[in-house]
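Structure record follows, encoded as structure tokens.
The values are calculated or read from the model by the stated rules, or taken from the named source; none is laboratory data. None of these values were measured; they are calculated from a predicted model. Every residue, glycine as well, gets a Cβ built from its backbone with ideal geometry; the counts of neighbours run over all protein chains shown.
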Amino acid sequence: MTRVVRAAVAAGLAALPLLSGAASVAAQDTTETRRLRAELAALREELSQFQDDVDARMTALRDSARFAQAGSNRFVVTGYGVGAFTAVRDGASTFSSAIAPILLWQLNDRVLFQAEPEFEMAEALETNVEYAHVSYLALDFLTLGAGKFLTPFNIFSQRLHPAWINKLPTAPLAFGHGGIVPGSGVGAFARGGVPLGRTRLSYAFYGINAPELMTMGEAAGAIEATDAGEARAFGGRFGLFMLRAGLEVGVSSQTSDVAKLAGADVSLSRQLAALRGNLDLRLEGVISDAVDGPFAIDTTMTDQFFVNNRREGGYGQLAYRPSLAESRVLRNIELVGRYEWLDRPDWRGGEMGNDTKRYAAGVNVWLTSSMQIKLGVQRTINTIGGNSRALLFQTATGF
Amino acid sequence: MRHIRILALATTTAAVLVAACATNPTPSASRGSLRTAVAPAAASRADAMGRAELWSAHCARCHTLRARTEYSPAQWAVIVNHMRVVADLPGQDYRALLEYLADRTPDVPRVPTKVAAGRNATTSQRSP
């Protein structure tokens, strides 16, 4: 019996450590389980918050997508604004400003309405509609349009006239108001471009209300654009643009009952590593041969006369911008020079026969890709009416 | 006629100048506001020219290059349509420009390598 008791006591003593170990393991398991459960709960909570966050973001995204979703027609407003100061030596100094919003309304992939009303403020508010027409993309190489449009005669009027593009504050004499080139007209056009390898052939044909020749009074001999004339003028332009060279050449022509016009344009705009910058060269010339008369200064047409009614004008403009220079300041400065002329017929009885030459030079500071500050000087030489010098300042912003 | 002769002379001079300075700049080589930060996309080319190069060539005909981010792709679609009429763009160039303006990937700033590596390391630590 004693042996049995001893054996039982011994066995009990031997099992004691095992029992305490089992109890310890069980306690550890409980702690680990609790920790894991707590971690799981935290993760669930985090996942829930994350899910809520994703749901909220998705809802916001859907809402914004719903508002941003484009309809079948689209309306965009771009354009440009101008602030200017002109000081003429021994003459008047003037502040002026203008805004020209360009309204683009694309009804579908083929139909586009575009208009550019212009509001200019100097001594008084002047308003004008530069163009307002609808165009239809008929084929890859053909666009048809009707309304008032910038005539595709040479390139200044239709492409370079916006102040944020024009490198000087003034327009060339032959292309501005009172010049030779018809800036815009009311009628219809067919135009387009055809790819020829790395060259693009562009063409444009148009028919507009013909300009009117003033035959009497102080303005006798002047050719006035009219938006409601009975006669028609027809014209067009062919151009070749070499993509890699950045060189474009074009010829233009327009004919009407009162005048025939012929024009040529050359433009080169490219970056030249040898010059560490961008070179921009524009050359345009135009000849106008109008009806020779009869004209009369007095409105009764009693003292009639004839003249060789031929006009000629054009300009050459060169601009350089060191866009590859190391200096950031230098990269945004552009130097520009322009020579232009406008020869009028020898006229009897007034300033109609004045020939003009004009030299202009300027420095432009580009603040952004579409905003520049222009500072220029201009010297005008007239055969009649004296010469003049002017200081030009302009800020122009495209938007 | 004297002026016309001057114009013809200037044109010839310009042609000679171009020939003499003939280089083949790409838009990515330009700087300042002319920089477009673009790389020609090999996938879609018009007459072996990249869309970026096409964009640069057509815009620079008249004005400086505007940033692609200045307008949304939907707005660009209308503006390029306007330009198609004004500058007589052929249909294939028009479509290539639309694709170029709709794809804004090159304009997204790249994550610096160190930051990207750090992010990956963090991610891999958290991953099982």
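Once region B:65-82 is narrowed to residues that are without any contact (Cβ under 8 Å) to a residue 24 or more places away in the chain and within 7 Å of chain A (Cβ to nearest Cβ), the residue that is nearest to B:ALA96 (Cα to Cα) is B:ASN81. Residues of region A:174-193 being in a loop (DSSP other than H, G, I, E, B) and of a type in the set (A, V, I, L, M, F, W, C), which ones? Answer for region A:174-193, where residues must be in a loop (DSSP other than H, G, I, E, B) and of a type in the set (A, V, I, L, M, F, W, C): A:ILE180, A:VAL181. Hey, any hits in region A:287-305 for a residue that's touching a strand residue (DSSP E or B) at 6+ places or on another chain (Cβ under 9 Å), facing another protein chain (nearest Cβ under 8 Å) and within 30 Å of A:LEU391 (Cβ to Cβ)? Checking region A:287-305: not a single residue is touching a strand residue (DSSP E or B) at 6+ places or on another chain (Cβ under 9 Å), facing another protein chain (nearest Cβ under 8 Å) and within 30 Å of A:LEU391 (Cβ to Cβ). Scanning region A:319-347 for residues that are of a type in the set (D, E, K, R) and under 14 Å from A:LEU275 (Cβ atoms) returns A:ARG321, A:ARG331, A:GLU334. Can you spot a residue in region A:197-214 that is in contact (Cβ under 8 Å) with a residue 60 or more places away in the chain and either of a type in the set (Gly, Ala, Ser) or crowded, with 17+ Cβ neighbours inside 10 Å (or both)? Within region A:197-214 (the criterion being in contact (Cβ under 8 Å) with a residue 60 or more places away in the chain and either of a type in the set (Gly, Ala, Ser) or crowded, with 17+ Cβ neighbours inside 10 Å (or both)), the answer is yes, since at least one residue qualifies. Among the residues of region A:268-286, which ones are within 8 Å of chain B (Cβ to nearest Cβ) and not in a strand (DSSP E or B)? If the condition is that a residue be within 8 Å of chain B (Cβ to nearest Cβ) and not in a strand (DSSP E or B), then A:ALA273, A:ALA274, A:LEU275 are the ones that fit.
For region A:359-388, which positions are within 24 Å of A:ARG344 (Cα to Cα) and modelled with pLDDT under 95? Within region A:359-388, A:THR380, A:ILE381, A:ASN382, A:THR383, A:ILE384, A:GLY385, A:GLY386, A:ASN387, A:SER388 meet the criteria. In the condition set (1) more than 8 Å from every other protein chain (Cβ to nearest Cβ); (2) surrounded by fewer than 16 Cβ atoms within 10 Å (Cβ to Cβ); (3) not in a loop (DSSP other than H, G, I, E, B), A:ASP265 is compliant with all but (2). Just one of the listed residues (A:LEU103, A:LEU137, A:LEU112) is part of a strand (DSSP E or B) and in contact with a His (Cβ under 7 Å, 6 or more places away or on another chain), namely A:LEU112. Consider region A:249-258. How many of its residues are part of a strand (DSSP E or B) and surrounded by fewer than 22 Cβ atoms within 10 Å (Cβ to Cβ)? Going through region A:249-258 one residue at a time, the tally reaches 4. Kindly establish whether A:THR78 is away from every other protein chain (no Cβ under 13 Å) and buried (at least 16 other Cβ atoms within 10 Å of the Cβ). The answer is no for A:THR78. Counting residues in region A:321-340 that are touching a helix residue (DSSP H, G or I) at 6+ places or on another chain (Cβ under 9 Å), of a type in the set (Ser, Thr, Tyr), surrounded by fewer than 16 Cβ atoms within 10 Å (Cβ to Cβ) and assigned to a loop (DSSP other than H, G, I, E, B) gives zero.
For the residues A:ASP346, A:ASP303, A:ASP298, the requirement of being assigned to a loop (DSSP other than H, G, I, E, B), touching a residue at least 40 places away in the same chain (Cβ under 8 Å) and among the acidic types (Asp, Glu) singles out A:ASP298.
Looking at the structure I just gave you, is A:ALA171 under 29 Å from B:CYS59 (Cβ atoms) and touching a strand residue (DSSP E or B) at 6+ places or on another chain (Cβ under 9 Å)? No. The number of residues in region A:138-158 that are facing chain B (nearest Cβ under 9 Å), farther than 13 Å from B:VAL85 by Cβ and not hydrophobic (A, V, I, L, M, F, W, C) comes to 1.
For A:ARG244, indicate whether it is in a loop (DSSP other than H, G, I, E, B) and within 8 Å of chain B (Cβ to nearest Cβ). It is true that A:ARG244 is in a loop (DSSP other than H, G, I, E, B) and within 8 Å of chain B (Cβ to nearest Cβ). Scanning region A:173-208 for residues that are farther than 23 Å from B:MET83 by Cβ and at pLDDT 90 or above, we see that the one that is farthest from the other protein chains (Cβ to nearest Cβ) is A:GLY207. Across region A:99-120, what is the number of residues that are more than 14 Å from the chain's Cα centre (by Cα) and either without any contact (Cβ under 8 Å) to a residue 24 or more places away in the chain or surrounded by fewer than 18 Cβ atoms within 10 Å (Cβ to Cβ) (or both)? Residues flagged as more than 14 Å from the chain's Cα centre (by Cα) and either without any contact (Cβ under 8 Å) to a residue 24 or more places away in the chain or surrounded by fewer than 18 Cβ atoms within 10 Å (Cβ to Cβ) (or both) within region A:99-120 amount to 11.
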